[in-house]
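**Student:** Sharing a structure, written as structure tokens. Questions coming.
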Amino acid sequence: MEHVDVAVIGGGQSGLAAAHALRGQGLQPVVLEASEQAAGSWARYYDSLALFSPARYSGLPGLPFGGDPDRYPHRDEVVAYLLRCADRLDAEIRTRTRVRAVRLDDSAFILGLEGGGELAARAVIAATGTFGRPYRPDLLGLATYAGTLLHAADYRTPEPFAGQRVMVVGAGNSAVQIAAELAGRARVTLAARHPVRFARQRTLGRDLHWWLARTGLDTLPVGRFLSAPPTQLVIDDGRYRAAITSGRPDRRPVFTGIDNAKVTWADGSTEEVDAIVLATGYRPDLGYLTPLGALDTPGHPRHREGMSLTHPGLVYVGLEWQRSLSSNSLRGVGRDAARAARHIAAYLART
């Protein structure tokens, strides 16, 4: 069996930031990424996705994003940037390597790999983050819906929905962005349990992230005090609020039932809906830690600011509100990765 000091489970922004921080501590991590490239899940997001933070705030430690610092990079730019980070990283990255289960054997973590084989590590960073497991809520009647049903993770472009009646479920950034894009090709309703809450992308000539950095709100360590993430604000340059105000898409409370492909709305009216897109977010993709007993019953990690409460050699990087507002973002994951690496280095020095 192969033995390593630190295994980083997951690539993308979280895994690459973690590996960079570990190298800064003089450690030799091995990054295990399930997908075909080190950029992780970014290549699978919808085609029109753009960052809400400018390039100047979106780089990982060690490599600025480059180009116009005030632009909002698109998905493919982010993928290319992360691949550049991986190329410059002095660490081993193994793609197409999925970790199925982690167990403890004496003082080592034993990582069972898909397809067979095991790897032993003295410490583990779980960096599969927040965006690996699409959340599909158990809405009344949804299981029997006869139309096209997909999660935002599977949505790419509006063309397949041209001329159709479409419902997008959700009230966050992705829900509003997808619904507004679809409304140019289809008749679309944005359905959610609560109103859409907007945040201006620019105020007094400055981007929102300038204000977050200047006030310290972006790094305020309040994550440990939150029992659940706050309602997500939709960052808007004016286009999305205007689109909803104009009824393209229109906004309604979430449906109360489904019969075949017929949806019943809260006011009692019914209509046929051709497709439903669930823009209902994600949950931590950490099932491989179940054998360790590191997760609670719903599958959330037992941790404090990324440090495992069950195993001192296990830490997390890239969780939503792990420590602060920016913990699971390009702009903030590096700070948490640095703390995780310091913790791992101290742990290994003691053992």
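**Student:** What number, rounded to the nearest 500 deg cm²/dmol, is the helix-based mean residue ellipticity at 222 nm of the chain, given -39500 (n - 2.57) per DSSP H run of at least four residues and division by all its residues? Working shown, then result.
**Tutor:** On the way: 6 runs with 70 residues, N = 351.
The helix-only estimate for the chain comes to -6000 deg cm²/dmol at 222 nm.
**Student:** Using θ = phi - 60° and the Karplus curve 6.51 cos²θ - 1.76 cosθ + 1.60, what whole-Hz ³J(HN,Hα) does each residue of the stretch 246-257 get, with Gly and Pro shown as x?
**Tutor:** Once rounded to whole Hz, the list reads 7, x, 10, x, 7, 10, 9, x, 4, 4, 9, x.
**Student:** For the peptides 122-133, 199-210, 18-29, 231-242, what is the packing order when you average, over each peptide's residues, the other Cβ atoms within 10 Å and list the highest mean first? Write down the numbers at each step before the final one.
**Tutor:** Numbers: 122-133: 25.4, 199-210: 14.6, 18-29: 21.5, 231-242: 16.1.
Ranked from most to least packed, the peptides come out as 122-133, 18-29, 231-242, 199-210.
**Student:** Restricting to bridges with both residues inside the chain, how much of the DSSP beta-bridge set is antiparallel, in percent to the nearest 5? Let's see the in-between values first.
**Tutor:** Working: 26 of 63 bridges.
Close to 40 percent.
**Student:** Kindly express, to the nearest 10 degrees and within the range 0 to 90, the angle between helix 333-350's C-alpha long axis and the longest C-alpha principal axis of the chain.
**Tutor:** For 333-350 against the chain, the angle is about 30 degrees.
**Student:** Students often check this: by mean Cβ neighbours within 10 Å, which of 305-317, 148-160 ranks highest, and how do the rest follow? Please report the intermediate quantities before stating the final value.
**Tutor:** Values: 305-317: 21.2, 148-160: 16.0.
Going from most to least packed, we get 305-317, 148-160.
**Student:** Mind giving me the nanometre distance, one decimal, between the label points for Arg185 and Leu220, set 7 Å out from Cα along Cα→Cβ?
**Tutor:** 4.0
**Student:** OK, next. In whole angstrom, note down how far apart the Cα centers of the stretch 15-29 and the stretch 180-238 are.
**Tutor:** 31
**Student:** Across the stretch 300-306, in residue order, what do the Karplus-derived ³J(HN,Hα) couplings come to in whole Hz, using 6.51 cos²θ - 1.76 cosθ + 1.60 with θ = phi - 60° and x for Gly and Pro?
**Tutor:** Coupling constants for the stretch 300-306: 8, x, 8, 8, 10, 6, x Hz.
**Student:** Any chance you could give the angle, 0 to 90 degrees and rounded to 10, that helix 12-24 forms with the longest Cα principal axis of the chain?
**Tutor:** Result, in degrees: 20.
**Student:** Moving on. Would you grab the residues whose amide H sits under 5 Å from the one on Gly11? Only those 5+ places off in sequence or on another chain, please, with H modelled 1.01 Å from N.
**Tutor:** Excluding prolines and chain starts, which carry no amide H, the hits are Ala34.
**Student:** In which sequence would Phe255, Phe198, Phe225 go, from the one with the fewest C-beta neighbours within 10 Å to the one with the most? Could the numbers behind the result be given before it?
**Tutor:** On the way: Phe255 23, Phe198 15, Phe225 7.
Sorted ascending by nearby Cβ count, the order is Phe225, Phe198, Phe255.
Read-outs: derived from the displayed coordinates by stated rules, not from any lab. Computed from a predicted model, the values in this text were never measured in an experiment. Neighbour counts run over all protein chains shown; Cβ positions are idealised from the backbone, glycine included.
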